[in-house]
Every structure is written in structure tokens, then in C-alpha cells.
Amino acid sequence: MNKFTVLVVEDDTPVRNLITTTLKSHDYKYYSVSCGRDALSETASRNPDTVLLDLGLPDMDGVEVIKSIRTWSNIPIIVISARSEDDEKIEALDAGADDYLTKPFSVEEMLARLRVAQRRLSIAEQTSNESVFYNGRLKIDFASGCAFLGNEEMHLTPIEYKLLCLMAKNVGKVLTHTYITKNVWGSSWENDIASLRVFMASLRKKLESGDESQQYIQTHIGVGYRMMKL
Ligand code: CA
């Protein structure tokens, strides 16, 4: 038996029950806890494949839980936040969370996020040491600094190429505006975020080139962007 294991961290009992019932009926293996301290010890001892983490916990800040896990593990973390916690959600992503769900969320939404996390895990295992990245028709040869769509080399500006590589290396993960601008420009001012929007639009145009089935980049309004695994 090789089930995908989820650690559920949620202090709100009805929400926790809804999550665990859903996981059970979809054949996931799971553990559930209701505070940050238990989240840390269970992550270490159970070695789950993904953590579903509520940000508003009784004993510690969810963001602190993420920071602590990230000092020793790259495990996918999906945060669950209330709408009023938008800033915390972004803080959580910057601290290393992969993705987020905003309450109230549907069961289908949660399962979809788990599938993305699952895929990221398998891609990370396969490609961590590869010098060539493949996704759908996209191929990036990091060593030569070239990107291709099918057999055609893409004509990218240096910034577009940097953006593309950053997204590719984090495929499946939501990257915040701040994270991206810090990595591409080395700073994160309002102007950089405005430029990011422009560069992202032109990169997307080159990547998706009129082909509706090739949607590589997902926009998260007010949050950031994610490259999807096609
Ligand atoms: Ca809570």
C-alpha cells in the first residue's frame, strides 16, 4: 500500500471533520491535529506527503509553523485561511507555502489542490538534478540558457527568461508578486510589481501563442502566479 498521506492541521472541528471525511472517501491516508505544536511534531514523525494547514491556530501562528517546517523539509504545504486573513496568506506563501485555500472552499477545490501538490512532489523527485526542464511543449535547457516550444527556440528577453526559469523551477507552486520581483529584480517596489505584470503578459503570450490548450501560467489576483504542470 502506497497511499498519499495528508496531515490536516485545523482547530475548527466541523471544518476538520469535513476535510478528513473527504480524504477518507477519496482513499487518502491522513492524520489530523488541531494546534501548531502537534503539527510540527507530526510532520516530523509521520513524514506526510502534504500538509493542509489552517493559518489561525490556537497556540501559534500558522506562518511560524511553515517557517519551522521549511528549515528542514520541502514538503508541499497548502494553507487554509479565512477571507479576512489575506495578508497572512501572502505572508504564508512568502514563508514557503505552496498553495492556499480560502474558507469557505469546496471539497472539489481541496481535492484539486491536493492533486497539484501530489504532482509537484513527483516532479520535484524526478527533476531536482536535471539540467533540462520539460512541461508540455515547453523545454528549457538551463545550461545553454535557451527555451523551446516544440522544436522552435523562443525569443525571450533576459527578464522573460529569468521569469520563465523561476516559474519552471517552482512548477505547481504559487509564487507571490514579492517573491518573484525579489528573485528577478532583487527588489520589490510597487513599480516592480507593475513591471512584473507587463513582463508576465508578454511571456504568457509567447508561451501560449494562441493555443488555448497550452495555459502554462495561472494568475492569482492580488497574490501572484503559478506555472501549471501540463
Ligand atoms: Ca482556525
Excluding the sites themselves, what is the longest stretch of the chain that contains no chymotrypsin sites (Phe, Trp or Tyr not before Pro) in a DSSP loop with at most 11 other C-beta atoms within 10 Å?
-> 73-188
Using the reciprocal of the averaged 1/r over all distinct C-alpha pairs, how large is the Kirkwood radius of the chain in Å?
-> 18.5
One would report the antiparallel percent of DSSP beta bridges in the range 2-119, rounded to the nearest 5, as 5
Going from most exposed to least, what order do 50, 71 have by accessible area with a 1.4 Å probe?
-> 71, 50
Find the accessible area per residue for the range 131-227; the probe is 1.4 Å, ligands and nucleic acids are left out, and the unit is Å².
-> 51
Total formal charge among the other residues, if their Cβ is under 12 angstrom from that of residue 28, Lys/Arg +1 and Asp/Glu -1 | +2
Kindly work out what percent of the DSSP beta bridges joining two residues of the chain are antiparallel, to the nearest 5.
-> 50
Above-threshold pairs, the threshold being 18 Å between Cα atoms, out of 3/24; 29/169; 139/169; 173/205; 29/103 = 29/169; 173/205; 29/103
What's the carbon and sulfur percent of the chain's accessible surface, probe 1.4 angstrom, rounded to a whole number?
-> 49
Points 7 angstrom from Cα along the Cβ direction at residue 159 and residue 142: gap in nanometres?
-> 2.4
Ordering 155, 177, 26 by how much accessible area each has at a 1.4 Å probe, largest first, what is the list?
-> 155, 26, 177
Inter-site label distance for residue 67 and residue 87 at 7 Å from Cα along Cβ, in nm | 1.6
Hey, with R₀ at 22 Å, roughly what FRET efficiency would residue 212 and residue 74 work out to, going by the Cβ-Cβ distance, to 0.05?
-> 0.10
Pop the C-beta distance of residue 106 and residue 229 into the FRET formula with R0 = 22 Å and round what comes out to the nearest 0.05.
-> 0.50
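The values are calculated or read from the model by the stated rules, or taken from the named source; none is laboratory data. Only a predicted model underlies this, so the values are computations on that prediction, with no experimental measurement involved. Heads up, the Cβs are rebuilt from the backbone with ideal geometry, glycines too, and the neighbour counts pull from every protein chain shown. Calculation scope for accessible area: heavy atoms of the full protein, side chains included, ligands and nucleic acids excluded. Shrake-Rupley method; radii C 1.70, N 1.55, O 1.52, S 1.80 Å.
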